[in-house]
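Report on one structure; see the data block that follows.
The values are calculated or read from the model by the stated rules, or taken from the named source; none is laboratory data. Keep in mind that this is a model prediction, so the values were computed, not measured. FYI the Cβ positions are ideal-geometry reconstructions off the backbone, even for glycines, and counts take in every protein chain you see.
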Amino acid sequence: MNVTRWILLAAVVGTGCAHPPQPYVFNNPKGGDAVMVVAKSLLRQGHKLAFVDRKNAEVVTYWEDTRYRFRETDDYWDGTNIFLRYHVQFRDQDNQIRVTADAQRCVPTQAEITSTEVISTCYKMDFVFGTQQRKVDQLGKNLAAALAAGG
């Protein structure tokens, strides 16, 4: 295989192909008080919390600009950035925690982020790239470590 093919293969494998977002799932070692431990851990990691719902056992972050530029588009000449919003759901039935992300691409210039939306021209994404999936996986690993360490 020549060098050009190796470079192409490395580029495809390194960025990952687009696919539906996959949850990061791990066991809940803390039980009932895990919601607040996770919320505090998210804050320590620099995420803003949109809401913490202890009754329904869910934590959701604000949308975040990943700064990942999405240029393969015909609708905006300047391109869009991919924004993510994380959900952490605590499932009592199987004692598991699921970390997922919503994704959308938005025009980043003068975008305003609120607790519920990005005020800009945005398009929901039903897929993520490897870069965004790795962010979900890393967040899940960080939260699992925080829970295992006791907060």
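Among the criteria (1) over 15 Å from A144 (Cα atoms); (2) modelled with pLDDT of 90 or more, the one R44 does not fulfil is (1).
Of the residues V25, V13, which single one is closer than 24 Å to Q138 by Cβ, modelled with pLDDT of 95 or more and among the β-branched types (V, I, T)?
V25
Of all residues in segment 103-118, those satisfying the criterion of being part of a loop (DSSP other than H, G, I, E, B), in contact (Cβ under 8 Å) with a residue 24 or more places away in the chain and not aliphatic (A, V, I, L, M) are P108, T109, T114, S115, T116, E117. R98 meets all of the listed conditions (1) at pLDDT below 95; (2) under 18 Å from P23 (Cβ atoms) but one, namely (1).
I119 falls short of the stated requirement of being surrounded by 14 or more Cβ atoms within 10 Å (Cβ to Cβ), more than 15 Å from the chain's Cα centre (by Cα) and more than 20 Å from Y24 (Cα to Cα). For D94, the criteria (1) free of Cβ contacts under 8 Å to residues at least 40 places away in the same chain; (2) of a type in the set (D, E); (3) part of a strand (DSSP E or B) hold in every case but one, which is (3).
Is segment 46-63 home to any residue that is among the aliphatic types (A, V, I, L, M), in contact with a helix residue (DSSP H, G or I) (Cβ under 9 Å, 6 or more places away or on another chain), without any contact (Cβ under 8 Å) to a residue 24 or more places away in the chain and assigned to a strand (DSSP E or B)?
yes
For segment 138-149, give me each residue that is surrounded by fewer than 14 Cβ atoms within 10 Å (Cβ to Cβ) and in contact (Cβ under 8 Å) with a residue 12 or more places away in the chain. Matches in segment 138-149: K141, A148. Say whether the condition of being closer than 22 Å to D33 by Cβ, touching a residue at least 40 places away in the same chain (Cβ under 8 Å) and part of a strand (DSSP E or B) is met by at least one residue in segment 64-86. Yes, segment 64-86 contains a residue that is closer than 22 Å to D33 by Cβ, touching a residue at least 40 places away in the same chain (Cβ under 8 Å) and part of a strand (DSSP E or B).
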